[in-house]
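The structure under discussion appears below in the form of structure tokens.
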Amino acid sequence: MLKNLKIGHRLMVLVALLIVFMTMVGMLGLQGIKTTDAALDTVYNDRVVPLRDLKIIADMYAVNIVDTTHKARNGGLSYAEALKNIDTASQIIHKKWQDYLATFLVDEEKKLVAQIEPLMIAADREVARIHAILEAGKADQLAEFAAKSLYPGIDPVSEKFGALIDVQIEVAKAEYEASQIRYDRLRTLMIGLLAGAVVLGIGFSAVIIRSITLPVRHVSAIIERLAKGDLSVDLTDDGRQDEIGEMVRAAALIVSTLKAVAGDLGALIEAARTGALSTRADPARHAGEFAVLVGGVNDLVEILTAPLFEVASVMAKLAAGDVRGRITGAYEGDLRALKGNVNRSLEALVSLLDEISVFAQAMAGGDVTRSIDGSYQGDFAAIKVNLNQAAAQLRAVIGEVADSTAQVALSATETTAAAVDVSRQAASQMITLAEVSSAIEQTAAAVGEIARSAERASSLAGETAIAAENGQTKLTHLSAVVESIHKGNARIGQISSLITTIADKTYVLALNAGLEAVRAGEHGRGFGLIAHQITKLAEEVAGATRDIRSLIDEAAGTVQSGVVAAQAAGSAITQIVGSARDSGATVQAIAAAIDEQNAMTHVLKDRVTHLHMVGQTTAGAAEEISATMGSLSEMAQRLKAASDRIRFA
């Protein structure tokens, strides 16, 4: 039956049922609220307000009458103020009592009221007495009244008012307990009604909701599959006459329409995938917005293919080396952005290529100070940075080469000067060696002469006594010759020291030349070998000089011995007659010493000859160094001239 009811009718039945239960619950609630309000009204107007009035009346008796009387008696209040307080209290008491009597009184209250009214009349009489005493101003009567008559006239009324207050509290409590009972009864009834309404509502709602949600869930699942692109769904019309049946039939129509549209769109996509961009769908096969959609897809294909063809044309020109091609068609939206991006990319490429061309032309002209200054992004920026870094490194290398060339040229000039100085020192050394050789030859001649003299002295030893004066003369000459030999040895020592100094300087110059050769790198390799040979020659010269110095020292010692012997011979010449035999032995010793000196002189001559040969070799090496450094200087000047043509700063 529910299948043929509209969903709205079903919901109306459910809502009507819920409204009935809600009305019943509401009416019960209103009744309970009304009863509670009446109880609260009674409690407030018939109990709380009378309780307040009774409290005020009791306070008027206790404060404004009793306390005022005592204060007037004690002088705490004037009689006029006391009269005013008593009059005020009398007015308030009668007003509040009438208000109380106008409220609803229970039986117990009525009994107490009947008891209180005679007491209030008696109390009013006592109040009148106080009033008269105060007006008369009789203090002794006031004191007597306060001591004997005040409390017996007022206390009974106060006690009854206390009883009335207790009755108000008891009645209010009884009303509260009755309200609690009514509340419990009403709550139980409302809970029962609510429970019944909930059970019936849930049951009926479940039936109605199930009759709606199950078919709706089925149709929703089908629509969800359609939303996910699954067009293989199968909808069956079960003849329902409600909205769900209409929904099923509409969904079936949607499926059929979507399948047709999807077929045409799939054909267009497949054609585009295979490159057939001229394929179009037929909008007449569809109705309404779907026809517009298919036509829009056709237009979209047209719009998309136009810039693609232009991009292909521009790319073809770019591949052929023509970077001036641009997209000129009028497009909108993202296609316009595509056009702008492609054209901007080409502009950026052309700008970069133009700057690279100017950059390369400047470098070809020897100007390496040029850099690429344009603003680029991405890989173009990386190319710009790499080219600028390469140019900067090239500038740095060329600058270092120029500095190194200048240093090499300076070092070559200094080394050439050093080589010239070495050559000059070698020439000076050759001259000195020649002088040494001449001195050694003179020494050898002198030693030979001394030897011959010694031989003659030995042969004439037997004739010493006869030729004493002649021997003295010869001995004097011998002393002079020995002294000359001694001076020659000193001169040879000075020359040996000079040769040692020259050898040390040559060694230092050779070391400096070796260092300059290392700084010159490949160009100074040959010069380094020559400097090494000079170092070895300097070491050999130094060694030979040390040998010569040793021989000179030995010869000096021997000559010194000859000098001593000659001096001894001079001192003994006066005894030559008596000591002829001793003189002969002495002359023989001198002859032997002179022979040894002669042998040493020949050895020294050989050393000096070897040193002369070493000096010649040193001079030749110095000339070779000078020639090599001249060539190296010319190469450095050519390299400097070449680097000067390049602008790097």
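The values are calculated or read from the model by the stated rules, or taken from the named source; none is laboratory data. What you see is a predicted model; the values in this text were computed from it and never measured. Glycine gets a Cβ as well: all are built from the backbone with ideal geometry, and neighbour counts include every protein chain shown. The accessibility values were calculated without ligands, DNA or RNA, using every heavy atom of the protein model including side chains. Shrake-Rupley method; radii C 1.70, N 1.55, O 1.52, S 1.80 Å.
Odds and ends about this structure:
- Arg370 being open to solvent by 90 Å² or more (accessible area, probe 1.4 Å) and in contact with a helix residue (DSSP H, G or I) (Cβ under 7 Å, 6 or more places away or on another chain): yes
- Taken as a whole, the condition of being touching a residue at least 24 places away in the same chain (Cβ under 8 Å) and either open to solvent by less than 90 Å² (accessible area, probe 1.4 Å) or closer than 30 Å to Asp155 by Cβ (or both) does not apply to Val20.
- Any chance Phe161 is within 19 Å of Asn74 (Cβ to Cβ), among the aromatic types (Phe, Trp, Tyr), assigned to a helix (DSSP H, G or I) and out of contact with any His (no Cβ under 8 Å at 6 or more places or on another chain): no
- Every residue from segment 360-376 that is over 20 Å from Arg324 (Cα atoms), of a type outside the set (Asp, Glu) and in contact (Cβ under 8 Å) with a residue 12 or more places away in the chain: Met363, Gly366, Val368, Thr369, Arg370, Ser371, Ile372
- For the condition under 30 Å from Tyr44 (Cα atoms), of a type outside the set (S, T, N, Q), part of a helix (DSSP H, G or I) and open to solvent by 50 Å² or more (accessible area, probe 1.4 Å), Lys55 qualifies.
- The requirement of being open to solvent by 40 Å² or more (accessible area, probe 1.4 Å), modelled with pLDDT of 85 or more and farther than 30 Å from Val106 by Cα is fulfilled nowhere in segment 160-168; no residue meets it.
- Restricting attention to segment 297-319, the residues that are surrounded by 13 or more Cβ atoms within 10 Å (Cβ to Cβ) and within 27 Å of Leu253 (Cα to Cα) total 2.
- Residue within segment 111-118 that is open to solvent by 10 Å² or more (accessible area, probe 1.4 Å) and farther than 18 Å from Ala58 by Cα present: yes
- Residue list for segment 220-248, restricted to those being modelled with pLDDT under 75 and open to solvent by less than 30 Å² (accessible area, probe 1.4 Å): Leu226, Val233, Arg240, Asp242, Ile244, Gly245, Val248
- Segment 267-291, residues that are modelled with pLDDT under 80, assigned to a helix (DSSP H, G or I) and not small (Gly, Ala, Ser): Leu268, Phe290
- Only listed residue being open to solvent by 60 Å² or more (accessible area, probe 1.4 Å), in contact with a Leu (Cβ under 9 Å, 6 or more places away or on another chain), over 30 Å from Val171 (Cα atoms) and assigned to a helix (DSSP H, G or I), chosen from Glu135, Glu81, Glu126: Glu135
- The residues of segment 334-366 that are farther than 30 Å from Ala390 by Cβ, out of contact with any helix residue (DSSP H, G or I) (no Cβ under 8 Å at 6 or more places or on another chain) and either part of a loop (DSSP other than H, G, I, E, B) or open to solvent by 50 Å² or more (accessible area, probe 1.4 Å) (or both), listed by number, are Asp334, Arg336.
- Scoring Val66 on the criteria (1) of a type outside the set (D, E, K, R); (2) surrounded by 14 or more Cβ atoms within 10 Å (Cβ to Cβ); (3) not in a helix (DSSP H, G or I) leaves a single failure, condition (3).
- Segment 138-153: number of residues that are open to solvent by less than 40 Å² (accessible area, probe 1.4 Å) and either at pLDDT below 85 or among the polar types (S, T, N, Q) (or both): 4
- Of all residues in segment 97-110 being in contact with a Pro (Cβ under 9 Å, 6 or more places away or on another chain) and assigned to a helix (DSSP H, G or I), the one that is surrounded by the most Cβ atoms within 10 Å (Cβ to Cβ): Tyr100
- Where a residue in segment 123-135 is over 16 Å from Lys148 (Cβ atoms) and its partner, wherever it lies, is of a type in the set (D, E, K, R) and part of a helix (DSSP H, G or I), with Cβ under 8 Å and at least six apart: His131/Asp87
- Residues in segment 256-279 that are open to solvent by less than 80 Å² (accessible area, probe 1.4 Å) and of a type outside the set (A, V, I, L, M): 7 in all.
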